[in-house]
Amino acid sequence: MRTAAALLMLAVGVWQLSDGLWIQAKARLAQVLIAQAWSRTLKGEAQAKPWPWADTWPVARLSVPRLGVERYVLAGSQGATLAFGPGHVSSTPLPGAAGNSMIGGHRDTHLAFLGQLDPGDEIRVELADRRRLSYRVGETHVLHRSEMWIAHQDGPARLTLVTCWPLDAWRAGGDQRFAVVAFRSRELL
Amino acid sequence: MLLGLALATPAYSTEGGLVLRAEGRQAVVAPLVSTDVSIRVAGPVARARVVQTFRNPESDWYEGIYVFPLPESGAVDRLRLRVGERIIEGEIKERGAARAAYGEARASGRRAALLDQERPNIFTTQVANIGPGEAVVVELEYQQVLRYDGGRFSLRFPMVVGPRYVPPGPILVADAARITPPVLRPGTENGRTNPLSIRVSLDAGVPLAAVESPYHPVRVDEPSPERREISLAEGAVPANRDFELAWAPRIHEAPQAAWFTEEKDGRHYGVLMVLPPAATPGTRLAREVVFVLDTSGSMAGASIRQAREALLLALERLQPEDRFEVIEFNSTAQALFGESREASRGNVRRAVRWVASLEARGGTEMAAALRMAFTNTETSTRVRQVIFLTDGAVGNEEALFRLLRERLGDSRLFTVGIGSAPNSHFMTQAARLGRGTFTYIGRIEEVGARMGELFAKLESPVLKGLELRWPPGVQVEAWPAKLPDLYAGEPVVVAAALGGLEGEALLTGERDGRRWEARIALERNATAQGMGGLWAREKVSALMASLRDGAPEAEVRARVIEVATAHRLVTKYTSFVAVDKTPARPIDESLKTAAVPTLLPEGWVYDKVFGELPQGSTGSRFALALGLAALLLAGGLFRNRI
């Protein structure tokens, strides 16, 4: 009886652990493949797919020099895309254009670093046309998931990075979101 | 800051559908609007009076802006402004001139009302200088020819303009802001339901069989076999879904032809309705059917269930000799097969499974779907029918109509308007341009009956080549200039202006190789009011359609303004304005402007329409923690055993 329980627990443990590790591994591995697609993008390939059956492609490279963070932003923000990298909400302008570019990502993988950002921190963005832009973290908000006003387009050029809130929650989902707004400061030469 | 009150103004799209404009979290401060509608029906014609009461609960002076729908075929020919006991009659003016007159009155503190048309079925009332605690009343009237189809008359009164999707990117829809009023999140109405009451006084002229209101409980009184008095059982209802009233004459009592006339300024105006005899079923032709299903965010909830059910019924109806394809669209369009395939049991089963799995979310990129449906690669002898299930919640109707006009070819388009507040302008115009018909489904219980009627139309021979010849020597200007093909159960409807009433008109057509004709004596047998307005409305609609064929806008505009001014009609280029003589607002007090928020149409899902922020978490942490805990526990159990 006890052996059966122990074996069951062992099975559950292995299953859950591998599940969790698989999500984390996929998130990291994908970024490596996307990095290669990005270098093809910089050489002029349009919509360079990181793997042949991908339905997304990198649209920007994001880095935070102070934290040593580097992330490739994918086109689209559906759940399937966000497993591989932060995703650009496709109907907001791309970074580099005027207005408000929204990027979503997971708090426990690619956008975990949002919690370590301080006001004034620099976020760098490299675009497909090789331009490099600098943004400064301005404000942060805790929002309900329906508060789309954060996506409004009026006002200065900026990035809005969105992830789930609270940042250290155990379970997935929830109704709250955390948004970091970074304003464009200059173009890097 | 007031939490829990969300005010959304859709402005552009995201993956979630529409996005709100900048307001953020704030309380709603705007005049309250309640509406009372009374409609008199005489035979196939309805005349309606719509009374909008703007109440200002605030302690400041307000201007209220209310965006609301009216039937797309209505001829709006009267506006009155009522302040206490005084009544100010509105004047029809060119849109810019009306706006200027209104603006001047507004600035000088006088009460004024302005009525603009944004789409044939979307209007805006603006009322300036409503004093603190005061109420100002705007009355408008319209006339329309009712729909007669399959032996039933139906009257539709829309109550709310559903949030419209406007494609992002370069400005394609210049007036997007004027057709997207703020929408209240369900649960935060706080008494702001824009209550609406309706009374219908129905005189069918012939004994009636049944009268039904499928979406609202009604009280029906029966003063005589031909007449009914109908009112909403609950008095007033929230303005969140279309009202429909349908009735049928008793069998064998239905008139085969009706001719109503009115004499005005030496000219006779007439509306003619002729019902061809029922079609005898012909030989069934093999068809190629393309189903297009709207799976955008506005379809989420009740609508997608109705649409899916309707589509599944239609799939079951296919015969092995038919070919078919299914396309779904939201932010992008996707085809099931990539090209039409034979309707084998396997293919149909595959389609049924696919359709059952579709969910509604995202934008409404209808152009992509239309392009896919009308590629017309296959040239065959098959009849090609496109069946389009949608709520039509888009703001770029004109662009879509142009696309349709270019690509239609030999295909036919049948629109099926889904849900509680379909865009009737889109449904009827698209079907007209597509040389098909339109159908409405507003409840899941109606799917079977309405689709059954549509199948009858799709499968019965069409009455083609219709021509109406007027008696020689009589000056006639009739609209529509070219009569459309008729499907089973549809009547011929023509509005004409005539120099004299004499002789008879000859209507001819051909169905299934057989000639059909009808003669109509042009006598003054039933006089009615407002026929001139109906004729003018048809003429305006034909002129507006000519823009799509490349007619120069300046010329069309001038001709529309001419006919609209003569018949006092609100059009895209002419508006009603009513201005009070005496100033009301002291010049040292300021005037605030507010848009009256509207309700979300019943059955719609707010978050699917307006989108939500991306979800930013995975289950990895929980899985890791659970996995570790289970392993520890297992380890403990094993050790204890030893």
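List of remarks:
- DSSP-defined antiparallel bridges as percent of all bridges, the protein assembly as shown, nearest 5: 75
- If you plug the beta carbon distance of B:Gln334 and B:Ala554 into 1/(1 + (r/R0)^6) with R0 = 35 Å, you get a FRET efficiency near 0.25.
- Spatial separation of Cα centroids for the stretch A:54-76 and the stretch B:208-253, in angstrom: 60
- The protein assembly as shown gives an Rg/Rh value of 1.02, both radii derived from C-alpha positions and Rh following Kirkwood.
- Local net charge near B:Pro214, Cβ-Cβ under 12 Å (Lys/Arg +1, Asp/Glu -1): 0
- Put simply, the amide H of B:Glu504, placed in the peptide plane, has neighbours under 5 Å in B:Leu522, leaving out anything fewer than 5 places away on its chain.
- Between 0 and 90 degrees, the angle of helix A:2-42 with respect to the longest Cα principal axis of chain A falls at about 20 degrees.
- Projected label points at B:Glu234 and B:Ala521, each 7 Å from Cα along the beta carbon direction, are separated by 5.0 nanometres.
- Local electrostatic count, B:Thr415, Cβ distance below 13 Å [Lys/Arg +1, Asp/Glu -1]: +1
- In sequence order, the stretch B:246-251 has phi-based couplings of 10, 9, 10, x, 4, 4 Hz under the Karplus curve 6.51 cos²θ - 1.76 cosθ + 1.60, θ = phi - 60°, and Gly or Pro positions carry x.
- For the stretch B:549-555, the Karplus equation 6.51 cos²θ - 1.76 cosθ + 1.60, evaluated at θ = phi - 60°, returns couplings of 8, x, 5, x, 5, 4, 5 Hz by residue, with Gly and Pro reported as x.
- Estimated at 0.36 nm per residue, the fully extended path between A:Lys43 and A:Leu67 surpasses their Cα-Cα distance by 5.9 nm.
- For the protein assembly as shown, lysine pairs with C-alpha atoms less than 19 angstrom apart, excluding pairs fewer than eight positions apart on the same chain, total 8.
- For the stretch B:439-475, backbone nitrogen atoms closer than 13 Å to the point 7 Å from B:Glu316 Cα along Cα-to-C-beta are found at B:447-449, B:451-452.
- Equivalent ellipsoid, the stretch B:403-479 (semi-axes from 5 times Cα gyration tensor eigenvalues, Å): 29, 16, 15
- Karplus-derived 3J(HN,Hα), 6.51/-1.76/1.60, for each residue of the stretch B:187-196, Hz, glycine and proline x: x, 10, 5, 6, x, 8, 9, 6, x, 9
- Share of pairwise Cα separations in the stretch B:287-459, more than 22 Å, in percent: 36
- The stretch B:350-424 and the stretch B:490-567: distance between their alpha carbon centers, rounded to Å: 29
- Straightening the chain between B:Ala177 and B:Ser197 buys 4.4 nm, computed as 0.36 nm per residue apart minus the Cα-Cα spacing.
- The B:Glu58 and B:Arg86 beta-carbon pair, evaluated with R₀ = 22 Å, returns a calculated FRET efficiency of approximately 0.45.
- Quotient of C-alpha Rg and 2.2 N^0.38 Å, computed over the stretch B:312-358: 1.11
- With the convex hull of the Cα atoms taken as the outline of the stretch A:2-188, the averaged projected area works out to 12.3 nm².
- The stretch B:362-440, Rg to Rh (Cα coordinates; Rh as Kirkwood inverse mean 1/r): 0.95
- Since only B:Leu196, A:Trp15, B:Val352 are under comparison, the one whose Cα sits farthest along the positive direction of the charge dipole of the protein assembly as shown, derived from C-beta charges on Lys, Arg, Asp and Glu, is A:Trp15.
- Rh by Kirkwood over Cα pairs, then Stokes-Einstein D for chain B at 1.306 mPa s and 10 °C, µm²/s: 60
- D_trans [Stokes-Einstein, Kirkwood Rh over alpha-carbon pairs] for the stretch B:170-310, 25 °C, 0.890 mPa s, µm² s⁻¹: 118
- Subtracting the Cα-Cα distance of B:Glu467 and B:Ala100 from 0.36 nm times their residue separation leaves 127.6 nm of extension gain.
- FRET efficiency estimate (nearest 0.05) - Cβ-Cβ, B:Ser546 to A:Phe183, R0 56 angstrom: 0.70
- The packing ranking, built from the mean of other Cβ atoms within 10 Å per residue, places the peptides B:602-611, A:62-71, B:458-467 in the order B:602-611, B:458-467, A:62-71, highest first.
- For B:Arg287, the residues 5 or more places off, or on other chains, whose built amide H falls under 5 Å of its own are B:Asp322, B:Arg323.
Every read-out reported here was derived from the displayed coordinates using simple, explicitly stated rules and does not represent laboratory data. This is a predicted model, so every value here is computed, not measured. Quick reminder, even Gly has a Cβ in these numbers, built from the backbone with ideal geometry, and neighbours come from all protein chains shown.
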